[in-house]
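Here, each number is a calculation from the coordinates, and none is a lab measurement. Note that the structure is predicted; figures quoted are calculated from it, not measured. Cβ atoms come from the backbone with ideal geometry, glycine included; neighbour counts cover every protein chain shown.
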Amino acid sequence: MQQKSEQIMEKNKKLLVTGGCGFIGSNFIRLVHTLHPGWRIINLDTLTYAGNPQNLKGIEEGSNYRFVKGDICDHDLLETLFRAEQIDSVVHFAAESHVDRSIAGPAEFIRTNIGGTFALLEAARHAWPGDVSKVADPRFLHVSTDEVYGSLGESGYFSETTPYDPRSPYSASKASSDHLVSAYFHTYGLPVLTTNCSNNYGPYQFPEKLIPLIFNNSLNGRELPVYGDGKNIRDWLYVNDHCQAIIEVLLKGRVGACYNIGGNNEKTNIEVVNLICDALDRKIGLLPTGKPRRSLITYVTDRLGHDRRYAIDASRIKNEIGWQPSVSFETGIELTLDWYLANRLWLQAVLDGSYQR
């Protein structure tokens, strides 16, 4: 039965991807375009500051790809898209995601991450009332974060049964959306799946996040800000590994289940910064002053509510679906830095805002 289900989805998939011009969403669309060229992708993105159409340069609109500029909170637009495109699967990336921004201005996080998820769930519920003659084997995959679990001590791992304990407006908004998705499964029988991932990195990441921020500052000889003592720990996941996992969960996951997706790459923030500095010194030479880039590191006041450690237990997705990460952090950071070095025009357009003009 599982094999038959996958074959149906392979042949007839009409996939709504929300936030497809963002960092993870664009990498996901690129991977689907390569691995499953027969799938039709409808990319819905409102193009906030983090949504960049250039992330999908080379993917042309046609029978298997359509871009729609729109807001996931727009109920009428969503119902129109589900009906016109006969959407049978949703992969929901669209979210406000930067913790610092959520601390400075939480309202947009509540609106988009909670209200937008609610609107999508409602659209799917109305479009998939159980009539499989129109939509075969529908799936609603909600992409979330390990930050909903709070903070770990020196040992232990987040599992799918770890109690939620969000510490920032961002993680609280994602926790709320996770609970909404679960409620729509238990209340309405909506065929949902949820993934909670660790910190992603790789091509097309907006340079407010740690790795591209440190890369850009290092490249230009600017200070490298490190929160607190720099010993906060994150589990790092290469974005293509994450996207592959999402495809596998979409095809093989148990309806109603949650899957943690981790990279098995725990690093302190200062380790990551040092690794980037050393790699750039090796790739393009020392600073014009003759000093190594580590000399640019500057410790700054810690972020409010800064979680000390995240670490993922990804045994469920490995045991049930057969997925595990394939890219080590050392390899992934080399690939990432090489991409940024080769795509400085992309980075400059993001930094000066010209990508939005």
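Quick look at the numbers
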item	result
The stretch 180-215 and the stretch 13-64: distance between their alpha carbon centers, rounded to Å	16 Å
Simple label model, 7 Å out from Cα along Cβ direction - residue 324 to residue 349, nm	3.9 nm
0 to 90° range, to nearest 10: angle between helix 239-252 axis and the chain longest Cα axis	20 degrees
Over the chain: Kirkwood hydrodynamic radius from C-alpha pairwise inverse distances, Å	20.9 Å
9 Å beta-carbon shell around residue 119, net charge (K/R +1, D/E -1)	-3
Principal-axis tilt of helix 269-284 within the chain, Cα atoms, nearest 10 degrees	70 degrees
The chain: relative contact order as a whole-number percent, Cα under 8 Å and 6+ apart	18 percent
The chain: antiparallel DSSP beta bridges as a percent of all, rounded to 5	10 percent
Theoretical FRET efficiency, 1/(1+(r/R0)^6), r = Cβ-Cβ of residue 68 and residue 104, R0 51 Å, to 0.05	0.95
Percent RCO, i.e. relative contact order, over the stretch 210-357, from Cα pairs under 8 Å lying at least 6 residues apart	35 percent
For the stretch 81-184, size of Cβ-based charge dipole, Lys and Arg +1, Asp and Glu -1, in debye	320 debye
Theoretical FRET efficiency, 1/(1+(r/R0)^6), r = Cβ-Cβ of residue 126 and residue 301, R0 35 Å, to 0.05	0.15
Within-12-Å neighbourhood charge of residue 272 [Cβ basis; K, R +1; D, E -1]	-1
Cβ-derived FRET efficiency at R0 25 Å, residue 48 paired with residue 84, nearest 0.05	0.55
The chain - mean residue ellipticity at 222 nm from DSSP helices (-39,500 (n - 2.57) per run, n ≥ 4, rounded to 500)	-12500 deg cm²/dmol
Rounded to 10°, Cα long-axis angle of helix 23-35 versus longest principal axis of the chain	60 degrees
